[in-house]
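The values are calculated or read from the model by the stated rules, or taken from the named source; none is laboratory data. Here the structure is a predicted model, which means the values were calculated and not measured. Backbone-built Cβ (ideal geometry, glycine too); neighbour counts: all protein chains shown.
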């Protein structure tokens, strides 16, 4: 048991609960800054994310706020793509020994993308409503949905980041759903995606289980506390601060 890691998990979980900004975008760069190798940070974060999203998925399943058809189409594209990304990383490590460099730079660019996505969702969400894509039935957008799943799934498999923020922005733009259904669908699909990618990373030895347990011991109560207090704090300033922090982390990793 490491008190420092538990406290870090508590703080990250608290910020996730308070702002709704993805835990991976906060956790992975912090682990790398603390000296953990990028591949271990990504693999551990994926498995850690899988456990946290499992509880969220169960709750949304009970509330019937999951669009199963949309989850299916996204997963058809995202899961094979994420597994492909992990496999490519392993091949690069085997033949060129460049896995850590690739992950670190990819993380930097994706963190910048996530920060910008967070700002767009915070300040421009209303501008995404009532576009012509939303009016089309989901069957007509099947190919596009699978394609988006494949592109973003590759990013998640490579960096562990984006299973929530990037997919959420795509769903806001393409589909007309209530806020609760958007969140439930995003979490349920994210659970399937990070679980598949996490298993793949675990299979090649990229998961530190003791680190993951310590993080969970802190983050689970942290999320609960943050979620409880979230209604008492202004959303936009907090999300903006988190986005700026993620943006700075991204530039530092490039």
Keeping to the range 123-159, report how many residues are within 21 Å of the chain's Cα centre (by Cα) and modelled with pLDDT of 85 or more. 16
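Can we say residue 171 is within 19 Å of the chain's Cα centre (by Cα), part of a helix (DSSP H, G or I) and within 18 Å of residue 11 (Cα to Cα)?
No.
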Given the criteria touching a helix residue (DSSP H, G or I) at 6+ places or on another chain (Cβ under 8 Å), closer than 29 Å to residue 89 by Cα, buried (at least 21 other Cβ atoms within 10 Å of the Cβ) and in contact (Cβ under 8 Å) with a residue 40 or more places away in the chain, does residue 184 qualify? no
Would you confirm whether or not the range 95-109 contains a residue that is outside any helix (DSSP H, G or I) and at pLDDT 80 or above? no
Against the condition more than 23 Å from residue 158 (Cβ to Cβ) and modelled with pLDDT under 90, how does residue 17 come out, does it pass? yes
Taking the options 178, 249, name whichever one is closer than 30 Å to residue 72 by Cβ and in contact (Cβ under 8 Å) with a residue 12 or more places away in the chain. 178
Every residue from the range 200-236 that is surrounded by 13 or more Cβ atoms within 10 Å (Cβ to Cβ) and either without any contact (Cβ under 8 Å) to a residue 60 or more places away in the chain or not in a helix (DSSP H, G or I) (or both): 204, 206, 207, 208, 213
Can you find even one residue in the range 73-89 that is in contact with a helix residue (DSSP H, G or I) (Cβ under 7 Å, 6 or more places away or on another chain), surrounded by 18 or more Cβ atoms within 10 Å (Cβ to Cβ) and not in a helix (DSSP H, G or I)? no
Checking residue 239 against (1) buried (at least 18 other Cβ atoms within 10 Å of the Cβ); (2) more than 16 Å from the chain's Cα centre (by Cα); (3) modelled with pLDDT under 80, which test does it fail? (2)
Being within 22 Å of residue 81 (Cβ to Cβ) and surrounded by 17 or more Cβ atoms within 10 Å (Cβ to Cβ) is the requirement here; does residue 151 meet it? no
